[in-house]
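One structure is given below, encoded as structure tokens.
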Amino acid sequence: MATTYLGMDLRSPLVASAGPLSQTVDGVRELADTGLGAVVLYSLFEEQVLAQAERDTLLEELNDESFPEATSYFPAIADPEVLNPAAAYLSLVERAAAAIDIPLIASLNASRTGSWVGFAQQLADAGAAALECNIYFVPGEVSLSGTDVEERHLEIVSAVTQAVDIPVAVKLSPFFSSPGNFALQLVEAGADGLVLFNRFLQPAVDVEQLAVVPGVTLSSPADARVPRTWIASLRHRTTASLAATSGVETSDDVVAYLLAGADVVMTTSSLVRHGAGYARRLLDGLEEWMVRKQFGSVSDFRGLLAVPREADAGSLARSGYVAALEKAKATYGSLRA
């Protein structure tokens, strides 16, 4: 069951991705006790840190004219971490890393390059075994070109990887004009691994209230098709680690990702639905499948269904597209009869 991810030896290829189950040391410990290979903490967002800094500054400005004797009316803060997201996160990294015997991966989402670098260095110093750069960048300005967006990503990755000594993975979205080529550019910029893919949080519309409603939906197995396709395409074209995420519900979904060429398979939705202990069920299912198919290790079958290095990927994708349409016509066309 052992595998390697970002140069780290893991006891299993199943990893808890960033999510709500890793917000406490006890939560992280519960995940680690299931047999997972690693745990990714929930993401630290720059906006949270800046919002608190702005509140602190405002509080200071409002009381600039106060007399020193009056400072006692300020509320006492027993635990500064409660009001400081960055300090709380760094503390969690330090305490959780010491509490488990598997790698703890920090997750960071920032907007400014300086913030990326500064936070990354602090997370490495706090004891994170690796860093996942969760680059959730949705340009709201329509005049911003695709080239500008890509250059922004590359700038962040280059700056972060040069600033820290721990491995760095990049979690990116599939919405680039050429995701495969851009993924390779990120590796060239310094990324040790790629997490495919981030899911954009698409809001719903309340037609009665005439309002846009933000929200998060858990992934389903159908969401695995896009990342699995690109993992299969990239497997033999890069030596960087490939992590699959989204769409894991059963052990078959884990197997499918590994057959495509993933080094690790990440999941949060299935653990939120069924509890942290469900990871053990996924691993047991993977092991049972390996025994049934007579595979002695994960490396024996990883990438068996990846696009061969010598294959013409364009022609292969085109032939698959045509075959899928022919199957659809035969399947659904016959229903009219």
Practice task
Counting other Cβ atoms within 10 Å, keep those with at most 16, restrict to DSSP loop, and tell me which trypsin sites (Lys or Arg not before Pro) in region 94-157 are left.
Solution key: R112
Practice task
For K293, K171, K327, write out the residues from largest to smallest accessible area, computed with a 1.4 angstrom probe and no ligands counted.
Solution key: K327, K293, K171
Practice task
State the Cα centre-to-centre distance between region 1-29 and region 279-300 in whole Å.
Solution key: 18 Å
Completion exercise
Percent of all Cα-Cα pairs per 10 Å bin for region 187-237, counting from 0 up to the last occupied bin, reads 18, 35, 25, 16, 6, 0
Fill in the blank from the handout: Interchain or sequence-distant (5+) residues whose placed amide H lies within less than 5 Å of the amide H of S173 are N198
Exercise for the section: Estimate the FRET efficiency between R225 and T113 by the formula 1/(1 + (r/R0)^6), using the beta-carbon distance for r and 30 Å for R0, to the nearest 0.05. Expected result: 0.35
Problem - Loop GluC sites (Glu not before Pro), region 121-200 (other Cβ atoms within 10 Å of the site Cβ: 12 or fewer; DSSP) - result: E141
Exercise for the section: For region 105-232, give the magnitude of the charge dipole about the Cα centre (Cβ charges: +1 Lys/Arg, -1 Asp/Glu; no others), in debye to the nearest 20. Expected result: 280 debye
Exercise for the section: Report the extension gain between D26 and A2 in nm, rounded to one decimal, defined as 0.36 nm multiplied by the number of residues separating them, less their alpha carbon distance. Expected result: 6.2 nm
Handout entry: Inter-label distance for E155 and T331, nm, one decimal - labels placed 7 Å from Cα along Cα-to-Cβ
Key = 4.5 nm
Practice task
Compute the convex hull volume of the Cα atoms of region 121-200, divide it by the residue count, and report the result per residue in Å³ as a whole number.
Solution key: 95 Å³
Completion exercise
region 204-310, Kirkwood Rh and Cα Rg, ratio Rg/Rh at 1.10
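The values are calculated or read from the model by the stated rules, or taken from the named source; none is laboratory data. Everything quoted here is computed from the prediction, not taken from an experiment. A quick note on method: Cβ atoms are made from the backbone with ideal geometry, for glycine too, and the neighbour counts reach across all protein chains shown. Side chains are part of the model used for accessible areas, which takes the heavy atoms of the whole protein and leaves out ligands, DNA and RNA. Shrake-Rupley method; radii C 1.70, N 1.55, O 1.52, S 1.80 Å.
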